[in-house]
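Structure record follows, encoded as structure tokens.
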Amino acid sequence: MTEKEDYGMRRKIVIVGGVAGGAATAARLRRMDEDAEILLIERGEHVSFANCGLPYHIGGEIEDREKLLVMTPAKLRSWFNLDVRVRTEVVAVDREKKEVELRHNASGEVIRETYDNLVLSPGAKPVVPDLPGVDSEKIRTLRNLLDMDSIKALVDGGITSAVVVGGGFIGLEVAEQLRRRDVAVTLVELLDQVMPSVDPEMASPLHATLRDHGVDLRLGTRVEGFKENGAGIGVNLSDGTTLDTDMVLLAVGVKPESDLAQAAGLEVTDRGTIVVDEHMRTSDPDIYAVGDVVTVRQKQLGTPVWLPLAGPASRQGRVAANHIAGKTPDRFPGVVGTSVCRVFELAVGSTGLGEKALKEAGVAYHRQYVGPFFHADYYPGAVRITVKVLFSPTDGKLFGAQVVGAGGIDKRVDVLSTAIHAGMTVFDLEDLELGYAPPYGTARDPVNFAGFAAANRLRGDVEVAEWQDLVDEEDSMLIDVRQPEEVEEGGVPGAVNIPLGVLRNRMKELPRHKEILVFCGVGQRGYYAYRVLKHHGFKVRNMDGGIMLHRMVQPPA
Ligand code: FAD
């Protein structure tokens with residue numbers, strides 16, 4: 001018990017940063033403690049705004065700018081009795097005296113405030129690479145409402161072209177919204193794929209969709225510098241070409257705003273993120289930190305991870321507030337890493353560990369793909385989606401999942417995230433009871449399908465081969481069990497077409513000394529063919545994911 005509590009004095013909490021993590025902490029704290037003095041200090045003009053909605057106002061999908069102001073300072077004051085100070089920056093922390101130094105941005109006035117507890121939620125700022133010409137006015141980043149306003153003003157003013165640098169969430173969302181406004185967009189990405197949170201083959205449908213919507217996609221390309229040219233700007237690329245454009249959006253990642261914490265001597269990682277314990281306490285137990293500025297625990301591996309996303313920021317704020325107020329739950333359990341993003345008509349989502357993370361951690365895994373309809377195929381608008389699950393080859397424990405397609409992606413990612421949080425196996429996925437009506441799903445949901453396919457494999461009901469590993473086609477015979485009209489739309493070179501319906505009658509055409517590799521559109525009929533041939537004593541494997549995956553694993557154009 002502190003001295004203040006002994007004497008019944010009000011506890012004073014200063015919160016740095018008034019948006020996702022900071023505002024969540026302040027509001028929860030007030031709900032848990034009606035008496036505490038709570039200061040919410042925000043450097044910018046706005047508190048509690050919807051950062052995640054910013055791209056959609058640029059494109060006009062969210063028409064009303066006011067809708068992005070989730071809470072105003074006035075509302076926070078009246079609803080939660082918070083002392084909200086905007087345009088005010090916390091410039092120093094004196095841990096000895098338990099004081100912070102505040103500078104009012106307009107007047108320059110500097111004052112000091114004491115604290116019993118300090119909560120840091122300063123977020124992360126866009127990375128601006130040190131490149132020639134990068135300080136041009138025509139280069140923008142997107143973090144807050146003012147950034148959004150300035151980009152929207154350019155679009156409203158009639159710019160006709162833009163270069164988006166970086167193919168992560170923000171780059172993709174802004175590219176989509178600029179196309180909505182008929183701006184010609186070139187998206188330049190250093191890697192061979194966009195959306196690095198998913199494995200490369202799962203990003204490949206996004207590439208096709210971006211191009212279909214007129215985005216000039218430059219993968220594997222580095223921006224080397226910028227040069228203003230009259231009204232526009234030239235973007236110099238690593239392939240020696242220069243893109244002339246009206247505007248550049250830099251969306252190459254974010255970095256934690258931990259300068260204040262570092263200056264105060266709090267422990268940070270090599271990356272600059274603040275180290276916290278499960279209560280969100282920093283190395284100084286009176287100071288908490290939440291949101292994009294902290295490293296937390298990857299739940300499955302138990303290793304530190306940086307996941308700058310809104311959901312964790314908000315939940316961490318709740319945990320910090322609970323711990324300060326002596327309430328529960330006051331432990332942040334860590335993250336598995338779940339995200340979803342829309343890219344035109346497609347969506348892509350991922351949860352848990354991807355292949356890169358599993359390899360780095362030295363964890364043995366199987367991968368399994370299925371391509372079911374996201375809702376009943378007889379109901380209008382049915383399309384196939386791709387679900388990939390990564391799981392333990394021994395006990396089937398689910399490690400990760402990724403989903404891409406044009407319907408129902410968010411639902412599947414969230415179910416699979418819940419399954420990972422609960423420590424489920426692929427056998428559990430077979431049994432999950434999920435809501436079904438024709439417009440929403442299928443009686444056997446895509447998540448069940450992923451479970452069936454993975455569990456079949458672990459039980460030995462099917463052996464699979466993977467396009468990624470196919471090297472020696474001499475020793476094997478590839479059989480396409482689709483209908484001839486499907487094959488006409490595209491097949492695999494060297495494959496023989498024997499439709500599933502006639503397979504039993506044409507078995508004498510098949511060699512017994514070679515391995516037979518069967519495939520179909522997505523893997524399901526291939527599995528049926530596998531069972532037929534296995535029963536008849538053939539050496540056979542099913543090509544996982546069928547033609548769907550064959551197309552996805554092709555190297556990017
Ligand atoms: P922030 O919300 O960034 O708030 C930090 C605040 O602290 C800032 O307003 C800053 O001005 C203030 N500050 C910093 N230093 C000081 C100081 N010394 N004194 C006073 N104030 C200070 N996440 C998702 O999960 N899904 C999405 O779809 C998504 N889309 C996004 C789209 C965009 C365009 C952006 C920019 C982010 C998006 N995010 C998304 C990320 C999400 O917004 C962040 O993870 C979340 O806002 C982090 O909360 P935070 O409190 O740590 O930081």
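The values are calculated or read from the model by the stated rules, or taken from the named source; none is laboratory data. None of these values were measured; they are calculated from a predicted model. Reconstructed Cβ throughout: ideal geometry from the backbone, glycine too, with neighbour counts over all protein chains shown. Remember, those area values only see protein heavy atoms, side chains included, never the ligands or the DNA or RNA. Shrake-Rupley method; radii C 1.70, N 1.55, O 1.52, S 1.80 Å.
Return a yes/no flag: does segment 169-180 have any residue that is in contact with a Leu (Cβ under 6 Å, 6 or more places away or on another chain) and polar (S, T, N, Q).
Scanning segment 169-180, I find no residue that is in contact with a Leu (Cβ under 6 Å, 6 or more places away or on another chain) and polar (S, T, N, Q), so the answer is no.
Every residue in segment 25-44 that is over 17 Å from E257 (Cβ atoms) and either of a type in the set (D, E) or near the ligand (Cβ under 9 Å from one of its atoms) (or both), please.
D33, E34, D35, E37, listed by residue number.
Being more than 21 Å from A422 (Cβ to Cβ), within 13 Å of the ligand (Cβ to nearest atom) and not in a loop (DSSP other than H, G, I, E, B): is that true of V348 here?
Yes, satisfied.
Please work out if N51 is within 11 Å of the ligand (Cβ to nearest atom) and surrounded by fewer than 16 Cβ atoms within 10 Å (Cβ to Cβ).
Criteria not met by N51.
Would segment 188-200 turn up any residue that is closer than 28 Å to G18 by Cα and open to solvent by 40 Å² or more (accessible area, probe 1.4 Å)?
Yes, because at least one residue in segment 188-200 is closer than 28 Å to G18 by Cα and open to solvent by 40 Å² or more (accessible area, probe 1.4 Å).
In segment 282-325, what residues are surrounded by 20 or more Cβ atoms within 10 Å (Cβ to Cβ), over 16 Å from the mean Cα position of the chain (by Cα) and away from the ligand (no atom under 15 Å from the Cβ)?
If the condition is that a residue be surrounded by 20 or more Cβ atoms within 10 Å (Cβ to Cβ), over 16 Å from the mean Cα position of the chain (by Cα) and away from the ligand (no atom under 15 Å from the Cβ), then Q300, N322, H323, I324 are the ones that fit.
Exactly one of these conditions fails for L172: (1) within 13 Å of the ligand (Cβ to nearest atom); (2) hydrophobic (A, V, I, L, M, F, W, C); (3) within 15 Å of I233 (Cβ to Cβ); (4) out of contact with any Lys or Arg (no Cβ under 8 Å at 6 or more places or on another chain). Give me its number.
(3)
Pull up segment 113-154, narrow it to residues that are under 28 Å from the mean Cα position of the chain (by Cα) and hydroxyl-bearing (S, T, Y), then point me to the one that is nearest to the ligand (Cβ to nearest atom).
Taking the candidates together, the pick is S121.
Restricting to segment 224-278, count the residues that are hydrophobic (A, V, I, L, M, F, W, C) and either surrounded by fewer than 19 Cβ atoms within 10 Å (Cβ to Cβ) or part of a strand (DSSP E or B) (or both). Let's see the steps before the verdict.
To start, the set of residues in segment 224-278 that are hydrophobic (A, V, I, L, M, F, W, C) comprises 226, 231, 233, 235, 237, 243, 247-252, 254, 260-261, 263-264, 266, 268, 274-276.
Filter once more, keeping what is either surrounded by fewer than 19 Cβ atoms within 10 Å (Cβ to Cβ) or part of a strand (DSSP E or B) (or both): 226, 231, 233, 235, 237, 243, 247-250, 254, 263, 268, 274-275.
Here the count works out to 15.
Go over the candidates V100, V86, V91 one by one and state the one that is assigned by TED's automatic domain parsing to the domain that holds A23, among the hydrophobic types (A, V, I, L, M, F, W, C), surrounded by fewer than 15 Cβ atoms within 10 Å (Cβ to Cβ) and modelled with pLDDT of 95 or more.
On the way: V100 fails: surrounded by fewer than 15 Cβ atoms within 10 Å (Cβ to Cβ); V86 fails: surrounded by fewer than 15 Cβ atoms within 10 Å (Cβ to Cβ).
Exactly one residue qualifies, and that residue is V91.
If M71 satisfies all but one of (1) more than 12 Å from the ligand (Cβ to nearest atom); (2) more than 20 Å from V319 (Cα to Cα); (3) open to solvent by 40 Å² or more (accessible area, probe 1.4 Å), what's the number of the condition it fails?
(3) is the only condition that M71 fails.
Among (1) outside the structural domain of R412 (by TED's automatic domain parsing); (2) touching a Gly at 6+ places or on another chain (Cβ under 8 Å), where does L358 come up short?
(1)
Find all pairs meeting these conditions: Cβ atoms under 6 angstrom apart; at least six residues apart or on different chains; first residue within segment 359-375 and under 26 Å from Y440 (Cα atoms); second residue charged (D, E, K, R) and in a loop (DSSP other than H, G, I, E, B).
Once the first residue is under 26 Å from Y440 (Cα atoms) and sits in segment 359-375, its partners that are charged (D, E, K, R) and in a loop (DSSP other than H, G, I, E, B) give Y369/D544.
Considering only segment 137-163, how many residues are open to solvent by less than 10 Å² (accessible area, probe 1.4 Å) and of a type in the set (S, T, N, Q)?
Summing the residues that are open to solvent by less than 10 Å² (accessible area, probe 1.4 Å) and of a type in the set (S, T, N, Q) in segment 137-163 gives 0.
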